[in-house]
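Working notes, structure below.
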Amino acid sequence: MKMQTINTKTKRFLNVAFVSAILLVTSLTTRADAGHQQPGGEGDKTAEVKYLGAPDGERLFNVIYDNNTGARFSVKVQDAEGTLIFQGSFTDKKFDKKFKLEGTDADKLVFTITNYGDNTSQVFEVNTNTRLVEDVEVKELN
């Protein structure tokens, strides 16, 4: 019978690295609440927040906002405790910007887009759940 010796530390490291790379699942749930909508406003679907991934451990989001009137609006990003991470004011009619959130490990982020022209706001809540799954399989070799 041929025996093969495997360095257990190396094997474990490779297994964990492989499992982490393949099975690390980050499920982000975004929920848009159109708050403070007034009759005749631009509607609930003028803004979108998309999760683009986490290259190098930094979360990347794309914020799209159709501001047909060209009115001044703000984009605000906060963590679960309400700490302000980013705030900016814009007048773009077709706002399409990527936000790289460095150094934040918050499990919850809140994106708020407020249009000052018609006093409407849309709120997007991002919840992050990270799971590491280690799958170990033992096979009998003949």
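The values are calculated or read from the model by the stated rules, or taken from the named source; none is laboratory data. The structure presented is a predicted model; accordingly, all values stated were derived computationally and were not measured. Reconstructed Cβ throughout: ideal geometry from the backbone, glycine too, with neighbour counts over all protein chains shown.
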- request: Under 9 Å between Cβ atoms, at least 6 apart or on separate chains: pull out the pairs that start in region 45-63 with a residue that is more than 18 Å from Phe86 (Cβ to Cβ) and end on any residue that is basic (Lys, Arg).
  value: Gly53/Arg59; Pro55/Lys100
field: Count of residues meeting criterion [in a strand (DSSP E or B) and surrounded by 13 or more Cβ atoms within 10 Å (Cβ to Cβ)] in region 53-78
entry: 14
- prompt: Is it the case that some residue within region 28-42 is at pLDDT below 50, within 30 Å of Leu132 (Cα to Cα) and either touching a His at 6+ places or on another chain (Cβ under 7 Å) or among the hydroxyl-bearing types (Ser, Thr, Tyr) (or both)?
  reply: yes
message: Please determine whether any residue of region 65-74 is small (Gly, Ala, Ser) and within 16 Å of the chain's Cα centre (by Cα).
response: no
- line: Asp92: passes all of (1) surrounded by 13 or more Cβ atoms within 10 Å (Cβ to Cβ); (2) of a type in the set (Asp, Glu); (3) modelled with pLDDT of 90 or more but (1)
- request: Return the total of residues in region 124-142 being farther than 30 Å from Val75 by Cβ and surrounded by 10 or more Cβ atoms within 10 Å (Cβ to Cβ).
  value: 3
